[in-house]
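Engineer: One structure is given below, represented as structure tokens, and several questions about it will come after.
Values quoted throughout were computed directly from the atomic coordinates according to the rules given, and no laboratory measurement underlies them. Predicted, not measured: the structure shown is a model, and the values here were computed from it. Quick reminder, even Gly has a Cβ in these numbers, built from the backbone with ideal geometry, and neighbours come from all protein chains shown.
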Amino acid sequence: MGAISLYARPSPDFAQKLAYSLALLKSAAAAYSPLTQASSLGAEDMVVTHLLHEAGIDASIFVLDTGMLHVETVALVARIEARYPLKVAVYRPDATVAAAFVRANGAEAMYKSLELRKQCCHIRKMEPLERALTGKRGWLTGLRREQSTARAEVHDVEQQEDRAKINPLAAWTWGDVWHYISQSAIPYNPLHDQFFPSIGCAPCTRAVTLGEDFRSGRWWWEQESAKECGLHVAADGSHEAEEPAAFEPLSSIIPTREIPA
């Protein structure tokens, strides 16, 4: 069964949620221009891109290509550009810095310690994000409160130091997301059909099994309640665990799907 068959179950008030999200996007475009969407190319972000198109909103869209994304994820950029009249901006890490990190720590540094994993995330995501957001007054994400306990307090609009962060799907359920994808024939990552609800870099993402939460397949070797790369962590660190995360040796971990090198 594919993701649509498994998950497309709209909430009773889905029509109201959809209307509110469209209204929020229109008000954000008026208040926070220039506006951009930070797309992870996950199911939620594909929905946000479609909503922007439906609402006729002039907002740019960018993707952080970490150099470690799945082939299926990268292929979505061309599918977006074929479906919608827009060009996706792709931001990549500084090649020299990324290569130096790998030389110093190895290609699998993220498995060795939490510190090294977060350094990798900073090089491949945080620094490119800063470049992508330069000059923008607002940015859109696909964050939902249902995704994890760390995101349960996500607001529709979050005022940050230099810009606003708008989360138009904050109140949507996973069933709402897939209902809208089905209803609007929105392209999506085929890895979702293989039990990948949350998709990041290939070495740091695995499929989930029945009963696991949405983000359990991300950095699965870390024993931490709030697994984030830093993109959606508040300035005060409120999305990070108060205690250091425990680390499990990689040799004791058996992923449910092999990750290609």
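Engineer: Being buried (at least 23 other Cβ atoms within 10 Å of the Cβ), of a type outside the set (Lys, Arg) and either part of a loop (DSSP other than H, G, I, E, B) or touching a Phe, Trp or Tyr at 6+ places or on another chain (Cβ under 8 Å) (or both) narrows it down to one of Thr49, Thr36, so name that one.
Structural biologist: Only one candidate qualifies: Thr49.
Engineer: Return only the number of the condition from (1) assigned to a helix (DSSP H, G or I); (2) within 30 Å of Ala23 (Cβ to Cβ) that Val102 does not satisfy.
Structural biologist: Condition (2) is where Val102 drops out.
Engineer: Right, next: Take the residues of the range 61-71 that are in contact (Cβ under 8 Å) with a residue 60 or more places away in the chain and in a strand (DSSP E or B): which is nearest to the chain's Cα centre (by Cα)?
Structural biologist: Leu64
Engineer: Could you tell me which numbered condition Ala82 fails, if it satisfies all but one of (1) small (Gly, Ala, Ser); (2) in contact (Cβ under 8 Å) with a residue 60 or more places away in the chain; (3) exposed (fewer than 15 other Cβ atoms within 10 Å of the Cβ)?
Structural biologist: The one condition Ala82 does not meet is (2).
Engineer: Let me ask you something else. Select from the range 57-83 the residues that are charged (D, E, K, R) and touching a helix residue (DSSP H, G or I) at 6+ places or on another chain (Cβ under 6 Å) and list them in ascending order.
Structural biologist: Within the range 57-83, just Glu72 meets the criteria.
Engineer: Here is a follow-up. Which number in (1) among the hydrophobic types (A, V, I, L, M, F, W, C); (2) surrounded by 13 or more Cβ atoms within 10 Å (Cβ to Cβ); (3) assigned to a loop (DSSP other than H, G, I, E, B) marks the one condition that Val74 misses?
Structural biologist: (3)
Engineer: Using the structure shown, decide if Lys17 is without any contact (Cβ under 8 Å) to a residue 60 or more places away in the chain, within 26 Å of Glu158 (Cα to Cα) and of a type in the set (Lys, Arg).
Structural biologist: no
Engineer: Pairs needed: first member in the range 181-203, surrounded by fewer than 20 Cβ atoms within 10 Å (Cβ to Cβ); second member anywhere, outside any helix (DSSP H, G or I) and of a type outside the set (A, V, I, L, M, F, W, C); C-beta distance under 6 Å; at least 6 residues apart or different chains.
Structural biologist: Going by the 6 Å Cβ cut-off, the qualifying pairs are Asp193/Gly2; Ala202/His70.
Engineer: On the phi < 0 side of the Ramachandran plot and crowded, with 22+ Cβ neighbours inside 10 Å: does that describe Asp58?
Structural biologist: When the stated conditions are applied, Asp58 does not pass them.
Engineer: Give the residue that is nearest to the chain's Cα centre (by Cα), with candidates limited to residues of the range 119-165 that are assigned to a helix (DSSP H, G or I) and over 22 Å from Leu41 (Cβ atoms).
Structural biologist: Among those that are assigned to a helix (DSSP H, G or I) and over 22 Å from Leu41 (Cβ atoms), it is Thr149.
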